[in-house]
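Data first, discussion second: the structure below is written as structure tokens.
We did not get these values from a lab; they are worked out from the coordinates using the rules stated. These figures come from a predicted structure and were not determined experimentally. Cβ atoms come from the backbone with ideal geometry, glycine included; neighbour counts cover every protein chain shown.
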Amino acid sequence: MIDFWDGVRGVIHVGGNIGQEVEFYAEKGLPVIWIEPIPQYYEILKANIKKYRNQKAIRELVADKRCLLELNIASNHGASSSIFRFSKHKELWPNIEMVSMVRMAAKPLPDILMKYKVRDVVKYNCLVLDTQGSELLILKGAKSILFNFDWIRLEAADFDAYAGGCKIDELDKFLLESGFEKTCQDRTAGKPDIGNYFEVLYRRKDVE
């Protein structure tokens, strides 16, 4: 992954889990809005950011529209939780299970930011998505504010990791049409007969 952080003013991180990147963002001095829907992990996240005044946690489920969704909770401390069920994810990580489910109200990202009075969206010019297959839904729901972001960083697979989840080629197409270009794609996991996971970075085309 290229070092783009010098151009980042702030981060909106959707799918925060317990905030594994809290210290990294703090070292960079970045203001952060974390969004995490699962109650028990949201509480851990809140505790982990407590000492950083410029990091804030919001408990919401993000999607493309207002609706009720079933969120499947994964056994690896919630890290693989998704609104989708496992497909070939199980072939890469057979020990990870969906252990429970919670039905939650979901909202598009602009609605959530409005609800919590985040009016200066331009202050947060990097969007990070770690939502296990629902990234394209979130981006479609946020289309009206995508121009505020210079950078979009996400994890995506080139195979059906989750049943109904998006794949990297779909994300590439949508973001290209939305004025972004892919600047980096680093493989993070995979098997030759299944497919690969990648960390992917997109930049708005008019950003120097």
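Summary of values
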quantity: All Cα pairs of the range 86-167, percent lying beyond 15 Å; calculated: 66 percent
quantity: Net length gained if the chain between GLN185 and LYS143 were fully extended (0.36 nm per residue, minus Cα distance); calculated: 12.9 nm
quantity: Taking the chain and dividing mean pair separation by its residue count, relative contact order in percent (alpha carbons under 8 Å, at least six apart); calculated: 20 percent
quantity: Within-15-Å neighbourhood charge of GLN20 [Cβ basis; K, R +1; D, E -1]; calculated: -4
quantity: Neighbour net charge for GLU208 - beta-carbon separation under 14 angstrom, K R +1, D E -1; calculated: -1
quantity: Over 32 Å [Cα-Cα, the chain], rounded percent; calculated: 11 percent
quantity: Peptides ranked, highest mean first, by Cβ atoms within 10 Å: ranges 180-189, 26-35; calculated: 26-35, 180-189
quantity: The range 1-116: antiparallel DSSP beta bridges as a percent of all, rounded to 5; calculated: 45 percent
quantity: Potential extension, LYS115-ALA79 segment - 0.36 nm per residue separation minus Cα distance; calculated: 10.4 nm
quantity: CD proxy at 222 nm, helix term only [per DSSP H run n ≥ 4: -39500 (n - 2.57); per residue of the chain; nearest 500]; calculated: -6000 deg cm²/dmol
quantity: Whole-number D in µm²/s for the range 1-102 (Stokes-Einstein; Kirkwood sum over Cα pairs; 10 °C, 1.306 mPa s); calculated: 106 µm²/s
quantity: Neighbourhood net charge (13 Å Cβ-Cβ; Lys/Arg +1, Asp/Glu -1) for PHE84; calculated: +1
quantity: Antiparallel %, DSSP beta bridges [both residues in the chain], to 5; calculated: 60 percent
quantity: Relative packing of 135-147, 46-58, which averages over residues the other C-beta atoms within 10 Å, highest first; calculated: 135-147, 46-58
